[in-house]
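The values are calculated or read from the model by the stated rules, or taken from the named source; none is laboratory data. The model shown is predicted, which means the values in this text are computed figures rather than measured ones. Note: ideal-geometry Cβ built from the backbone for every residue, glycine included; neighbour counts use all protein chains shown. For accessibility, only protein heavy atoms count, side chains too; no ligands or nucleic acids. Shrake-Rupley method; radii C 1.70, N 1.55, O 1.52, S 1.80 Å.
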Amino acid sequence: MGAQSFAMCGDTLAEAQSSCASLQGQSGPELGLCSTWGDPAEVWTPGSHVSEDLTSGELVIDEDFFAMVTSQPWLLDADSTLVLQGDDGYYELARPGALSDALGWQVGDAFTELNGVELKGITGLMTASATTEAAKHYDLEIKRGSYTVVIPYRVD
C-alpha cells in the first residue's frame, strides 16, 4: 500500500540503516554504500579541477566538475569554505577551504557582482543564478579591502 523504495546513503552501512530507521523505514538487502565519490577527504579536491589560463588570465573550471557541483550542491558540504552575509547585504568569505583557495578567494572578500548582476541579499543571488545559468564565462567582482578585484572564470 503505497510502498516506495529509496536508497539511503551513509559513510557506513550502519549509518545508512540508521538513516532509514529514523524515517520509519525498513531496511532491505544491502546494496553497498551508495556514495559514488568515496571518502570526501580523498575525493573533494577542487584545486585539481581549476587551473589558470596564463594567456587570458581566466581561472578555468573543469566542465564536468562544474556540472557535478551545480547539479549536486550538497557536495559542497565536503568543503570547509564558509561564506556569510555581511551587515551590508553582500556575502563575504568568512573561512577558507579548498574551494575558496581554488577559486582565488581570500578571507574578508565581499562578493559584489557576478556578470554585472549585484549579489546583494538572497534576491541578488537568485537573480544572478537565473541570469548566468547557461553561461560559460563568469566575472566575479569582489571588494577586497579598499580595492575592487574582478576574477574571470571560464567553464571548459
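Between Ser56 and Leu82, full extension at 0.36 nm per residue minus the direct alpha carbon distance yields a gain of 6.5 nm.
Report, in debye and to the nearest 20, how large the dipole of the range 95-140 comes out about its Cα centre when Lys and Arg carry +1 and Asp and Glu carry -1 on their Cβ. Before the final figure, lay out the partial values.
Values: 3 positive and 6 negative charges, 20 e Å.
I would put it at about 100 debye.
Between the amide H of Leu119 and those of Glu113, Leu114, distances stay under 5 Å, these residues lying 5 or more places away or on another chain, with hydrogens modeled in the peptide plane.
Here Arg95 sits with roughly 110 square angstrom of accessible surface, probe radius 1.4 Å. Here's how it looks for Val83: its modeled amide H is under 5 Å from those of Ala94, which are all 5 or more places away or on a different chain.
At an R0 of 30 angstrom, the distance between the Cβ atoms of Arg154 and Val107 translates into a FRET efficiency of 0.75.
If R0 equals 25 Å, the separation of the Cβ atoms of Thr45 and Thr123 corresponds to a calculated FRET efficiency of about 0.15.
When Rg and Dmax are taken over the Cα atoms of the range 46-155, they come to 13.3, 38 Å.
Taking all protein chains as shown and a probe of 1.4 angstrom, Val83 keeps an accessible surface of around 60 Å².
All other residues with a Cβ under 13 Å from the Cβ of Ala102 taken together, and with Lys, Arg as +1 and Asp, Glu as -1, what is their net charge?
Details: positive: none; negative: Glu52, Asp62, Asp79, Asp101.
Computed value for this residue: -4.
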